[in-house]
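Asks: A single structure is presented below for examination.
The values are calculated or read from the model by the stated rules, or taken from the named source; none is laboratory data. Given the structure is predicted, the values throughout are model-derived calculations rather than measurements. Neighbour counts are summed over all protein chains in view; Cβ atoms, including those assigned to glycine, are modelled from backbone coordinates with ideal geometry. Note: accessible area is taken over every heavy atom of the protein model, side chains too, but ligands, DNA and RNA are not part of it. Shrake-Rupley method; radii C 1.70, N 1.55, O 1.52, S 1.80 Å.
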Amino acid sequence: PLSATSRHSKSTTGFSFHRFYNSRDNFEWAHDILPRLRSLASVVLAHAALVFGAALALLSQTLQTLRRRLPSSTSFSTSLARLPSSLLSACDTLWNPQNRAKSAIALLSLLLLCSLLLTVDDSRVRPPEGHTLPASHPPLNSDPLSGLSPSQRHSLLAGLYGYWGFYDGAADERPAEPYTSPAAAGNEFSDVGEEDFPDEAWQVDAVYVNHFLDAGEKLVRRGQEAMFGVFVGLGIENVTVSNHGGEEMEESAGGEEEGQVSGQVSGQVSGQIRDPNQRLHDRLQMFHLAEIDLATVTTSEYLALKEPHWHTKGGWTTQRSFDGLERRLLHAMMTNGNFTIVITGNWRNMGYGGNHVWQAMAGKMEVLLTELFQRLGVTLAVRAVGLPPLEKEGLSVTPLEAAGLNVGGRETLVHAMGWSSILGGDVDMVIWEDDGVDDDETNKERKGDEFSAQLFDFFARQALLAGTSHLPFLWGGNFHVLRNLHQYADVDVGQLGNGLFGVPETTKEELAYTLPWASQYLKCEKDKLKTACRKEEYQFQSRCWTGEGSATPQLDRIPILPTAVGWRMQQAKAYTAAYNLLAALLDAMDTWSERTIYEGQPLTDEYWHIGEYITNIREKVKALTEEDAPHCFQLEKSIKLPNRLCRNALKGRTEYTPRANPMETSIRSIVVPSETGATVAETNEMNPLEGMAVDEFVDNVPAGEVDPLELLHLEKNLRL
């Protein structure tokens, strides 16, 4: 429209170029297109000058020839005589043999002058070193909420995205004694029968469950939108503040209804989400989890043809596997139990070599999802267990051995040898990322060698046999191994993508700062940009305080190893895995809601009990033959690993950390007292380092950027 109002101008009519040029999308368009138009104009002018020069020479030569050859009495000669004498004189003068060189120089000079006039200094729109705008320049990525007070900001976000307002009105009446423990349920799986729930239990309270599921579904959707917004922004526009009273947020404006795209708090602030339907479409595309049929998709090559973008979207799984993940989540909610995730793999995918723990994939997932799961009555645990970089100087790893580790599959072998002790027997989901090293950080499928597949099969079987009351969903690993386990043992499997499909592309190094903070330098598809985007200052923000106890501690950067994976990619993978988990959680609650509408509370056993489900899979894993799933059995020939280890769980003890249940899995826990009765001293002090406590600062989200926790933690009233 030609009529627009700019917050930077008092004028309310007419097109505001200042506003246009300082919006992120339009700025990038202007910065990229306008120089192209100037270049095009220069090219057109150059061609015009050349054509003019050639035409001038041709005209001069033609006129001279006609004058000499045509009789003066002809009508054509008469017409020539009528031409302005000044034109004929100019042609003769400019293009006679004595003046041709001077005329050509004059034309070229004119061309150069016009080109200079069309060239504009782009430094006024490019950021200075460090990719930050000067203080006098209005921010290109201006936050539409920057002028709001904390209460106004909270009111607007709660109006647009909803808030957590659920509470148990009968909390004092709930049973005091535990009734979902293995002892109370009468089985190790905590599968409580429908008739065994106490009358006062929340699981049989229809009012409680209906409101709980309604609030839970909105919370999960809010979490999904928050993760998407981190990479593309919240898309809030038309933010206005009214001038009349109203201090409290009205529930009628609470945006708790799905799909509501505008929210207004009486007397305070209002705004709307730009093009919500397009945002929903883009979000679903970015995190799309393909459901495939492994009965027909028999090779990774065919999978690539059928789902060519699964690596850069949400990944792939099967319908039966996804249903199994929903069952695990329903069981955790129905029993107010635990849900444990293990993330393991090579040190690069674990986030080592240049990141803080909470910047790695596991840390990002735990920080993002812990409180969300708590509100659903589930205790979330995320464990990151993996070897450190072994090729660092000073460690006994030869270059040849380091190259072997880079192929993939090797670094998780040591933990697989004691899976149930080191990684734990209570695991519900495993994310395995030991696919090897690849220069392509878009994380396309990396194929290890045959030995890698054998080692992963051994790892997977140990994961499946490690516990008694839990059975993990397997994310990642060799396709053929996953398919065999799924087809012949009913194992729940899938492979994760990284979500880069929906991340805005960094098209120019100097324009990256116009993108959301989490997306800058993350998706660089142009070959000439890939090297620039991998600069340490763009991919790593990891500093540590040194010199503990001193008055002036030194702020130093964590040493960065050459092939380490930075925090932005770690976050993209973490949010993709978290989004898939929330998608399963959303479907689980939808199933719960639909079934109980007709069948009543509590939810029928067949939808959430896990005892028979786990037992079936575990027994089939033990019964796998070399004909059905050969990889693990081939280790007997490769490294003389007995075949029986493919059917039996292994335990171990170690002093190395991290590990599950460190006090029970240490070597000290099995040391026999001496004859005098002396024992190894036990300690609960797991962090003996002393030093000054400092606030973490790297994880702070910059002003104007999307903090997903802000949306996830929204409540009816602002918590100060």
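Asks: So, by mean Cβ neighbours within 10 angstrom, what's the order for 292-299, 449-456, 346-353, 369-376 with the highest one leading?
Replies: Per-residue mean Cβ counts within 10 Å order the peptides as 346-353, 449-456, 369-376, 292-299.
Asks: Label-point separation (nm) for Arg320 and Glu594, each offset 7 Å from Cα along Cα-to-Cβ?
Replies: That separation, rounded to one decimal, is 2.0 nm.
Asks: Relative to the present Cα-Cα distance, how much length would full extension add between Ser181 and Asn661 at 0.36 nm per residue of separation?
Replies: Residue separation times 0.36 nm, minus the Cα-Cα distance, leaves 170.8 nm.
Asks: How much of Ser151 can a 1.4 Å solvent probe reach, expressed as accessible area in Å² and rounded to 10?
Replies: Surface open to solvent at Ser151 totals about 60 Å².
Asks: Could I ask something else about it? Using modelled backbone amide H atoms (1.01 Å from N, in-plane), which distant-in-sequence or interchain residues come within less than 5 Å of Gly315's amide H?
Replies: Residues meeting the amide H criterion: Ala290, Gly497.
Asks: On a straight-distance basis, which lysines could pair with Lys651 in a cross-link, Cα separation under 28 angstrom, same-chain partners fewer than 8 positions away excluded?
Replies: Lys620, Lys622, Lys637, Lys640
Asks: Right, next: Apply the Karplus parameterisation 6.51 cos²θ - 1.76 cosθ + 1.60, with θ equal to phi minus 60°, to every residue of region 418-434 and state each ³J(HN,Hα) to the nearest whole Hz, in sequence, with x for glycine and proline.
Replies: Karplus values, whole Hz, x for Gly and Pro: x, 3, 5, 8, 7, 9, x, x, 10, 8, 9, 8, 10, 10, 9, 9, 10.
Asks: Something else now. Between region 143-198 and region 308-336, what is the C-alpha centre distance in whole Å?
Replies: Comparing the Cα centres of region 143-198 and region 308-336, I get a distance of 22 Å.
Asks: Give the peptides 284-290, 169-175 in descending order of average Cβ contacts within 10 Å, highest first.
Replies: Top to bottom by mean Cβ count within 10 Å: 284-290, 169-175.
Asks: From the residues His486, Pro516, Leu603, which one has its Cα farthest along the dipole of region 471-607 in the positive direction, the dipole being from +1 and -1 charges on Cβ of Lys/Arg and Asp/Glu about the Cα centre?
Replies: Checking the options against the dipole of region 471-607, the answer is Pro516.
Asks: Please give, to one decimal in nm, the separation of the simple spin-label points placed at Ala623 and Leu709, each 7 Å out from Cα toward the Cβ.
Replies: That separation, rounded to one decimal, is 4.8 nm.
Asks: Pulled fully out, how much extra length does the chain show between Ser146 and Val701, if you take 0.36 nm times their separation in residues and subtract their Cα-Cα distance? Walk me through the intermediate numbers first.
Replies: Values: separation 555, 0.36 × 555 = 199.80 nm, distance 1.40 nm.
Extending this stretch completely gives an extra 198.4 nm.
Asks: Please give the peptides 709-715, 144-150, 614-620 ranked by average Cβ packing (other Cβ atoms within 10 Å per residue), highest first, as a rough proxy for protection.
Replies: Numbers: 709-715: 18.0, 144-150: 14.0, 614-620: 15.9.
The peptides rank, most packed first, as 709-715, 614-620, 144-150.
Asks: I need the calculated FRET efficiency for the pair Ser674 and Glu537, taking r as the beta carbon distance and R₀ as 41 Å, to the nearest 0.05. Don't skip to the end; give the middle numbers.
Replies: Details: r = 55 Å, r/R0 = 1.35.
After rounding to 0.05, the efficiency reads 0.15.
Asks: Amide H neighbours of Phe339 under 5 Å, at least 5 residues apart or on other chains, H built in the peptide plane: list them.
Replies: Amide H neighbours of Phe339, under 5 Å, 5+ apart: Thr379, Leu380, Ala381.
Asks: Contour minus end-to-end for Ser469 and Leu650, with contour as 0.36 nm per residue of separation and end-to-end as the Cα-Cα distance?
Replies: Contour length minus Cα-Cα distance gives 63.5 nm.
Asks: In Å, the Kirkwood hydrodynamic radius of region 169-208 over pairs of distinct alpha carbons?
Replies: It is 10.8 Å.
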